[in-house]
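Written below as structure tokens is the structure these notes are about.
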Amino acid sequence: SQVGQTKNISSGFDNGTTPSMYRPLDANRRPYSSQWNFTIEQQLPHNFFGSVSYVGTKGTHLPSALTPLNVLNPNNPSISSLSSSVLSTSYNSTNGPSTFATAGVSAPYLDWTSQMTGCSPTVAQALLPYPQYCGTMQGLNENHATSIYQSFQGRIERHMTNGLYLLGSLTVQKLYTDASFTGQSNNEVGNGYQGNNGAFSPYDKSRAWAIAQDNVPVTVSVAVVYDLPFGADKPFLNRGAIRPVVSGWQVSPLYRYEWGTPFSFYSSSCPTATAVPEFRESCIPGQVAGQQALLHGRNGYKPGSGKYLNPSAFETDFSSFGYTGQGKAVSTIYGPSFKNLDISLTKNTKIAGKGNFKFTANFFNAFNNHYFIDSQGSEVWGGSPVAFVTDVAASGNSFGTWNGAVSTPRTIQFAGRIEF
């Protein structure tokens, strides 16, 4: 027999507080992707090989934060007609009961006001679908998001002939999604949440469907492997004492070009979200028609030349209660392009029998070039990977200025190994 007593089985255990855990009934469904492609390949003259492809992918049941349960509907006239001061009035304040009565709102149940210890018993709280709970009740491991990826991919390859190998590729792509970086409940409204992790009301989900923050529309890469024509069995310097020194060298440059990634914008001054967080809606500015967003063009900015982004090209006034902007989670404005050249030098030296000593010198960002990083990178709501200030309400009129972030400097790595 089992001895013991259940600690608490009351259905009202979390009343008046923020529930420690809420998991939707459909949570933890396995995300899956559907893929399709069409490829044409052709052997070309002079040991070249080419291919062109269309590649598409659809992601389903992706981690999301789209449908919290405990949120006010801004499209409900009985709610949208109330002012922020009325919605934020507590029942137990001096004029609370009269304000509730004027708004036509009553306490949801007996002793509700005394039970609300985790948050204020305001008019907005009383109007929530679950007024006994604080917070938006964003479900853990919600997976209601989708993604669509489409691309054209081209490749040309020259097989190793006369010591030369070549591989070039081109990708033109577009990725749309409303998935978030996390499926956990901490993805709620707050100053600074931006990009595909920005907080939009479940009654305004269309704004969450946007280009992915890491979408790069055009990528070009070229890889070359070249055996230097010096030393044994080569046309130059194949005799004498210098032969062992110059033999076995190989150079491998790798060049990569990326068009850039799209910006996402937000406003840290969002009166609607601050006064009535029960709407769960951040202020995401839209673009003003007829204004040029990039003052120096996409790649024309130089440090010290002022702002990169034009403040006049974006919404900045969110003082009207209930208005949170017309912007999408991620804009269609792309930042500067990125270029990188890595070079690898390798020397193979035969040692006793079938052994080989391989020495490698790798030069990452070989010419030590620096480019403005505009991608959100691993940051969910901005930060150092964003090269320009994207908060339209940033202090000191700093919106659109360069924050000092650039791509990583040159790195040199040496390695040696014995192969046998």
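The values are calculated or read from the model by the stated rules, or taken from the named source; none is laboratory data. In this text the structure is predicted, and so the values were computed from the model without any measurement. All Cβ positions, glycine included, derive from the backbone under ideal geometry; neighbour counts span all protein chains shown. What goes into the accessible areas is simple: the full protein's heavy atoms, side chains included, and nothing from ligands, DNA or RNA. Shrake-Rupley method; radii C 1.70, N 1.55, O 1.52, S 1.80 Å.
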Selection within segment 304-328 - loosely packed, with under 11 Cβ neighbours inside 10 Å and in contact (Cβ under 8 Å) with a residue 12 or more places away in the chain: S319
Expected single match for over 27 Å from A212 (Cα atoms) and modelled with pLDDT of 90 or more among T6, T17 is T17
Name the single residue that is nearest to V172 (Cα to Cα) among those in segment 54-80 being touching an Asp or Glu at 6+ places or on another chain (Cβ under 9 Å) and polar (S, T, N, Q). S64
Residue selected from segment 21-38 under the condition open to solvent by 90 Å² or more (accessible area, probe 1.4 Å) and under 17 Å from N70 (Cα atoms), by the criterion modelled with the lowest pLDDT: M21
Can you spot a residue in segment 100-117 that is on the phi > 0 side of the Ramachandran plot and surrounded by 15 or more Cβ atoms within 10 Å (Cβ to Cβ)? no
Residues within segment 57-93 that are small (G, A, S) and exposed (fewer than 15 other Cβ atoms within 10 Å of the Cβ), tallied: 6
Tell me, which residue of segment 149-177 that is in a strand (DSSP E or B) and open to solvent by 70 Å² or more (accessible area, probe 1.4 Å) is farthest from W249 (Cα to Cα)? Y176
For Q287, work out the one condition from (1) open to solvent by 20 Å² or more (accessible area, probe 1.4 Å); (2) out of contact with any helix residue (DSSP H, G or I) (no Cβ under 7 Å at 6 or more places or on another chain); (3) over 17 Å from W402 (Cβ atoms); (4) touching a residue at least 12 places away in the same chain (Cβ under 8 Å) it doesn't fulfil. (2)
The residue from G96, G139, G135 that alone is in contact with a strand residue (DSSP E or B) (Cβ under 6 Å, 6 or more places away or on another chain), of a type outside the set (D, E) and surrounded by 15 or more Cβ atoms within 10 Å (Cβ to Cβ) is G96
Restricting to segment 37-71, give me the number of residues that are under 28 Å from the mean Cα position of the chain (by Cα) and not in a loop (DSSP other than H, G, I, E, B). 11
Considering every residue within segment 45-56, establish whether at least one is surrounded by 10 or more Cβ atoms within 10 Å (Cβ to Cβ), in contact with a Gly (Cβ under 8 Å, 6 or more places away or on another chain) and on the phi > 0 side of the Ramachandran plot. no
I'm told A273 meets every condition in (1) in contact with a helix residue (DSSP H, G or I) (Cβ under 9 Å, 6 or more places away or on another chain); (2) modelled with pLDDT under 95; (3) exposed (fewer than 14 other Cβ atoms within 10 Å of the Cβ) except one. Can you identify the failing condition by its number? (3)
Scanning segment 235-263 residue by residue, those without any contact (Cβ under 8 Å) to a residue 60 or more places away in the chain and open to solvent by 50 Å² or more (accessible area, probe 1.4 Å) turn out to be P235, F236, L237, N238, R239, G240, A241, I242, R243, V245
Is there any pair linking a residue in segment 110-137 that is over 11 Å from N70 (Cα atoms) and among the aromatic types (F, W, Y) to one that is assigned to a helix (DSSP H, G or I) and open to solvent by less than 30 Å² (accessible area, probe 1.4 Å), with Cβ under 8 Å and at least six apart or on different chains, and which? W112/A126
Tabulated pairs, segment 204-218, first under 25 Å from F279 (Cα atoms) and in a strand (DSSP E or B), second of a type in the set (A, V, I, L, M, F, W, C) and open to solvent by less than 10 Å² (accessible area, probe 1.4 Å), C-beta under 8 angstrom, 6+ apart or interchain: A210/A329; A210/V330; I211/V330
